[in-house]
Structures are given as structure tokens and as C-alpha cells.
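First the structure, in the form of C-alpha cells, and then the observations on it.
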Ligand code: 3UK
């Protein structure tokens, strides 16, 4: 271990025991980082040294900053953190704001000063904030003043949160006022170790308490130098846009780390639902878009109203990208959506394909720098063509903050993501389902997402979720919750048409025996379908029917 710069050793003290770490591999020359490394020096300050300080860096509806302007904001916030708040290296700092230039600067400032960012989704409530504050022993928070309510409630409930600094309210003791102090324009980066923790990302916690995943300075660069460099292959003139909150590592990587690593520009939108993302792509001339499959689907119907001719690459992650969505987007825009599976534990995408190698319907191949395989329940590697559990390792990996679930995600040195995959002979990985989304009906194993993909090829279907519903006769049956496109009747005839459609698309025994029409589907703040919620509703329904 390299000597840490952390004075507050909490993160290091709460790393999982060495025996439970995944194996890390650094098999690309780019991944051999120096022992002393502050990733913000590499992402931001290095560009000023190379005379590129005047290049556009952060673009937003309200203001645009060059690299030099962002660097100065970062220095000013870092000085406030250290001199006014008394932050020391290793302290955790909670960040609460919609995506915005200041949010980007705040994240980088904490890391530059040797702190650890804990970014939180704007929609989180006091209860969830309190959990993060307690779990990560957070002392300081930087918060957009518009989100003060829940922040103050959390402060009242949580112990240990010493100080919240707000911005955006013109307060005399607010962040901006402190930033203006003379002498704050310069700040030399804390001399952190490459393996000092700089980010704790909480998982969205679909079941159980959220887990805090810990990432080092070198991990931040490693995701840029593996996925960013070899799969995304963006250039310095690219303008990145996207909808994921920076608190979701998909968004932090996609719209902050990847552009900064190559000297490109990032467009920060506070809110980017599909009907705002399209005009923003047109307005700001975005060239690379990061968003979820549902957003691509929703944008499909509105493409004609916007000129998005600047767009050249589209990345999809968070959920499987159905082939129907890939095909329709390609037909409408000429762009092949780059599917990629990533996770909070792995920091970013570890399976995906560069443009030239994309295969419609497959997630892709192991990202250079990563190794992936499919294993059986005993951990044995499965040959091509047999579905099993996905296992990966590479330069990033799972290290939970004080959590016994570490040994669930990491088994024999491999990160086991909880997804069922099949690898083909050419080493492309084909998504089947989350391992717990497999439906067992009359002894058959049916992957809910496979039925969803089949349903989505029917013109009446806008969105759908397929889960197991309890059934006396068969144990469980396949049940589809369907949101219809406008102009289709939510009646028995449509339900039958959808059932017939599935029977023709995939093995007939997989068809949904029950179809229920709904107006929307439950989703997490990261855009994922909450199948467990649908399962709960389906179970409740079944119980009610039985009782009546
Ligand atoms: C699922 C996918 C099929 C899969 C994430 C890119 O989603 C991210 O992180 P989370 O921790 O969830 C991880 C889980 O989500 N998943 C993600 N992408 C795909 N399933 N195809 C995909 N393309 O179950 C995985 O285990 O919220 C994604 C980058 C950073 C991220 N944090």
C-alpha cells in the first residue's frame, strides 16, 4: 500500500478485508498509474499546463466555462472547504444539487482537496440523506439552496453533519460569497495516493439498504482510459450530453470524467427528460449522448421536430437495450446505439463494443482492460452458448463500505454482478435477465426481459414490464404490465393480440398468460424498471383474488 494522504482514515479503515477484494488487473499500458495521483490534476489542471485553458469545458443554459474558468472555480471551492470549513484529506463531503456547472466544480474541488465525494440524487428525501450521512460519517455538505428543505431535515435527524454550505441564494455566508475571498484563486492539489478513496457511490438499493461503493483516484482515470479510450473513442471536439444525475456513476463518468479526460466539453442540464434532451442536443450541438434505453424509446417519436444532426454517438446503459429500440434508432438517425453494462460497484461500463464491432441485441464484448466470463452456481466457467452468472474483473471493482454483502458481489476474486448472461463463440455477451428476474413457471425458466423485448416489437406497446405472478396451478405465471401507445384500446382484444405476438416471436411457452394495462411503470431515479415493485403488485393482486 502506498502512503495515504488521508488524515481522516475512515474510508481506508472501512475498506473490505483484503481477502474479500476482487482481483484487480492492469493489463493496458495506460492503466499503470504513478503511486502519487490526484485525479483532478490529470482531468483538469493538466490542460492548463498544455496551453488549452481557453477551450470550452462546461456548457449550460445559464453559463459557459472554459477549462481555465472551471479550474479557478474548483480552486476557490477547495479553498473554502479547507480554510473556511476546516475540511481535511479523507473527510467525506455530501453534494446535493441537480446537474449544473457549480455541481461539477464542487465535485472536483472536494477531490482536489483530498476529500471524498458522496453525491446524492436531487430527489432523495431526508430519510435517505440521513442514511448516507450516517453510513459514510459525513461532516460537510455542499447543497444547492433550492434543495435546502430535505437537507435541513436530514441535518436535524443525522448526527455528525457539522456544516452545510449553500449556493445559489446570495447569502452573505453562502458558498459564492466565501469563494470570492482574495487569494482563493489558486489551490495546489492534495498529494493523494493513487489508492486513496475519492468517491463513495451509493447503489440505488432496489432491495435492502443502499451500499456505499468506494473508488480510488486511479479508478477514476482507469474507467476513462479503458472504456473511454477504447470503446467510446471520443475526441477533443466532442460535446457530451446526457440525462443521468452526477450522483449516478453512469452520469458522472459520461458527462464529467470522459469529456474532461480528453479535453472535450460537457453540457450540463438540470433536468433532461426525453422531451428536453432532444431540444438541448439541437441547441448546444451535442455530439455524444448518454442516457437510458427508455429515453431513446421516448425520443424516437419526437425526432422529426428537432435537428439533431450534430449527434454522432449514443450510449445506452442502466438496463438492457432491446433490439427493437436499437433498430428503430438506427433507422431514424443512422446511429448505432452503443449498449454497455456497467454498475456502481465497477464504477462504469465493463462490457460494450466500439462502433465498428456493435452487434444488434448483444451488450458487447469485454471492454479492453477487463475480463468477463459466464459461470455456474459453483463458480465454474461455462462454455459459449450456456447461460449463467456474469463474472468480471479489471482495473476497477467492488469495495463496499463496511458491508457484509461484499462477499455476495465478490466471489473468488471476480465481481459477480447478479446478471444472467450468455456468451457466444465470438465472445459477445447477450443479456438474459437479472438473476432474480428469472420467472419459473411450471418448471420452465423464463427471463422476464426476453418477453419484454418481444412485446416491444409490437406497435401498440410503448413500455412494458414482465414479472412472475403467483399462480396456484403453475407456481408462477408470466405477467406483463403494458403501457400502450396512444390510439390503442386497453381491452381484451389488444391483450390477446399481444399474447399472440409473443408466441410468434419467441418460444410460445414464454407468452404472458396475464396482461394488465397501466398508464406508467415504476422506475428508480436512475431510470431502471422496478421489477420487484411489479412483483409485489402482482403478488398482492393474486392474494386479493384468492381471498375474494
Ligand atoms: C443493470 C444492465 C443490461 C445490470 C451503471 C453504466 O446501471 C448502472 O449501475 P447500477 O449499479 O446497476 C447495475 C445493474 O444494472 N444494467 C446496467 N447496464 C445494463 N443490464 N444491459 C445493460 N446495458 O443488472 C447491472 O448489474 O445502477 C451503468 C455505468 C455506470 C453505472 N453505474
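Couple of notes before you dig in:
- Qualifying positions in segment 338-361 - assigned to a loop (DSSP other than H, G, I, E, B) and more than 10 Å from the ligand (Cβ to nearest atom): 353, 354, 358, 359, 360, 361
- Of the residues 156, 141, the single one that is in a strand (DSSP E or B) and over 19 Å from the mean Cα position of the chain (by Cα) is 141.
- Extreme residue, farthest from the ligand (Cβ to nearest atom), among residues of segment 439-461 that are surrounded by fewer than 18 Cβ atoms within 10 Å (Cβ to Cβ) and assigned to a strand (DSSP E or B): 444
- When residue 183 is tested against the conditions (1) in a helix (DSSP H, G or I); (2) more than 24 Å from residue 90 (Cβ to Cβ); (3) touching a helix residue (DSSP H, G or I) at 6+ places or on another chain (Cβ under 9 Å), the lone failure is (1).
- The residue of segment 311-335 that is farthest from residue 288 (Cα to Cα), among those that are assigned to a loop (DSSP other than H, G, I, E, B) and away from the ligand (no atom under 16 Å from the Cβ), is 334.
- Filter result (surrounded by 16 or more Cβ atoms within 10 Å (Cβ to Cβ) and either modelled with pLDDT of 90 or more or touching a strand residue (DSSP E or B) at 6+ places or on another chain (Cβ under 7 Å) (or both)) within segment 514-529: 514, 515, 516, 517, 518, 521, 522, 523, 529
- Segment 289-303, residues that are within 13 Å of the ligand (Cβ to nearest atom) and assigned to a loop (DSSP other than H, G, I, E, B): 292
- Lone qualifier among 419, 403 - being surrounded by 19 or more Cβ atoms within 10 Å (Cβ to Cβ), within 12 Å of the ligand (Cβ to nearest atom) and within 20 Å of residue 434 (Cβ to Cβ): 419
- Looking across segment 360-380, the residues that are crowded, with 19+ Cβ neighbours inside 10 Å and in contact with a helix residue (DSSP H, G or I) (Cβ under 6 Å, 6 or more places away or on another chain) come down to 367, 369.
- Matching entry among 389, 312 (being more than 25 Å from residue 529 (Cα to Cα) and within 23 Å of the chain's Cα centre (by Cα)): 312
- Segment 419-436, residues that are in contact (Cβ under 8 Å) with a residue 60 or more places away in the chain and in a strand (DSSP E or B): 419, 429, 430, 431, 434
- Counting only residues that are closer than 21 Å to residue 123 by Cβ and either over 26 Å from the mean Cα position of the chain (by Cα) or not in a helix (DSSP H, G or I) (or both), segment 515-548 holds 12 of them.
- Applying a threshold of 7 Å to beta carbon distances and a minimum spacing of six or more residues, or different chains, the list of pairs starting in segment 463-476 at a residue that is at positive phi and ending at one that is surrounded by fewer than 21 Cβ atoms within 10 Å (Cβ to Cβ) reads 475/440; 475/441; 475/442.
Each row is one residue, and each column tells you yes or no for (1) crowded, with 24+ Cβ neighbours inside 10 Å; (2) more than 21 Å from residue 529 (Cβ to Cβ).
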residue: 305; (1), (2): no, yes
residue: 318; (1), (2): yes, no
residue: 330; (1), (2): no, yes
residue: 334; (1), (2): no, yes
residue: 337; (1), (2): no, no
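- Test result for residue 497, without any contact (Cβ under 8 Å) to a residue 12 or more places away in the chain and assigned to a helix (DSSP H, G or I): no
The values are calculated or read from the model by the stated rules, or taken from the named source; none is laboratory data. Please read these numbers as outputs of a predicted model, since none were measured by experiment. When we count neighbours, we look across all protein chains shown, and the Cβ atoms used for this are built from the backbone with ideal geometry, even at glycine.
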